[in-house]
1. What pairs can you find where one residue is in segment 285-307 and within 17 Å of SER231 (Cα to Cα), the other is small (Gly, Ala, Ser), and their Cβ atoms are less than 6 Å apart, with a gap of 6+ or different chains?
2. Say we look at segment 256-277 and pick out the residues that are assigned to a helix (DSSP H, G or I) and open to solvent by 30 Å² or more (accessible area, probe 1.4 Å); which of these is modelled with the highest pLDDT?
3. Filter the strands (runs of 3 or more DSSP E) completely within segment 101-203 down to those with at least 2 residues that are open to solvent by 60 Å² or more (accessible area, probe 1.4 Å) and touching a residue at least 12 places away in the same chain (Cβ under 8 Å).
4. Being modelled with pLDDT of 85 or more and of a type in the set (Gly, Ala, Ser) is the filter; apply it to segment 284-323 and report the residue that is surrounded by the most Cβ atoms within 10 Å (Cβ to Cβ).
5. Could you tell me whether segment 94-107 includes any residue that is out of contact with any Gly (no Cβ under 8 Å at 6 or more places or on another chain) and more than 15 Å from ASN258 (Cα to Cα)?
6. Taking ARG217 as the residue in question, decide whether it is surrounded by 12 or more Cβ atoms within 10 Å (Cβ to Cβ) and modelled with pLDDT of 80 or more.
7. Give the residue that is modelled with the lowest pLDDT, with candidates limited to residues of segment 17-71 that are in a helix (DSSP H, G or I) and open to solvent by 100 Å² or more (accessible area, probe 1.4 Å).
8. Do you know which residues across segment 77-96 are over 17 Å from the mean Cα position of the chain (by Cα) and crowded, with 16+ Cβ neighbours inside 10 Å?
Amino acid sequence: MLPSEIAPNAATKEKEVPKQTNVQVAVRCRPPNSQEKASNQPLCITSDQDARSISAAYGAPGKKVNKNFNFDKVFGMYSTQGEVFKGIVQPIVQEVLEGFNCTIFAYGQTGTGKTHTMEGNIHDQEHAGIVPRAVRSIFEQLEAGDAEFTIRVSFLELYNEELQDLLVPNNGKAPETKLKLCEDAKKGGVVCQGLEEVTVINLKDILGILERGIQQRQTAATLCNKNSSRSHSIFTLKLNIREVNPQGEEVVRHGQLNLVDLAGSECVGRSGAKNDRAREAGSINQSLLTLGRVITALVDHHQHIPYRDSKLTRLLQDSLGGK
């Protein structure tokens, strides 16, 4: 899971949030599934939430080697959806309400539980994932305040490097007009031309939109995962908040939250992917590789960031390292 946040036009905020903290990495370990339990294989991963570290054991019996990896946050295999949201997402929601552009990724190998973490059961508060919890928190805080606000949402799928609008019913057919990425000359940055943005007025509306989009996502069975996501999905909330400060001045804040459920990386040989599935895996791995290069370049403060090498990174350019 890769939460990242960049402050737009906030010089004072930059002093409070050092650049090196803009990209944070949290790890969530899933418990063994039924197939893994039946095989009686020993666990090779142990986690220490207090020390924020993961230990991986590998090698032949009697010659096992342990390697430790440290992260910003670590959640054990029996961590709850609520713990993950409170530990990672709640602070980022506050940044969005203050007018920041923020992005949260669920990243990892296929079958590791990314979609469960991001979506979960959207109609069950206990098992709801990051996306429904984030929109619920945003609505509750905005409705409790005195500010005027509008919220627009979009739901985009990136499948085989092709953009598809998950809010437009396709009925199994290719869309009549393809979505395109282009530069916005007036506002600056990258926009998706033709993408539908829906204005929502309450939580029920937004959950209905989310459910409709989830049903249209590309999934397929592999040897690693019976219901593997074969596309990247990007659920975006754009907030426009207008209020009057104690000095009587009108203040307008624009915040944006991108919630990204990435398709899982996979080894084609292990997953059994063939023909179309194998081509999907190649496209998935290529875009994830580009995302990794972009994040590495941002963390190391390189002069050139390869946003244009992938539609995924170009689409999220403003929220990853832009304004």
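1. Once the first residue is within 17 Å of SER231 (Cα to Cα) and sits in segment 285-307, its partners that are small (Gly, Ala, Ser) give ASN285/SER265; SER287/SER310; LEU288/SER265; THR290/SER310.
2. ASP276
3. 148-159
4. The qualifying residue surrounded by the most Cβ atoms within 10 Å (Cβ to Cβ) is SER310.
5. Within segment 94-107, none of the residues are out of contact with any Gly (no Cβ under 8 Å at 6 or more places or on another chain) and more than 15 Å from ASN258 (Cα to Cα).
6. No.
7. Only one residue tops the list, namely LYS19.
8. Matches in segment 77-96: SER79 only.
The values are calculated or read from the model by the stated rules, or taken from the named source; none is laboratory data. The structure presented is a predicted model; accordingly, all values stated were derived computationally and were not measured. Counting neighbours? That spans all protein chains shown, and the Cβs are built from the backbone with ideal geometry, glycine included. Surface areas here come from the heavy atoms of the whole protein model, side chains and all, with no ligands, DNA or RNA. Shrake-Rupley method; radii C 1.70, N 1.55, O 1.52, S 1.80 Å.
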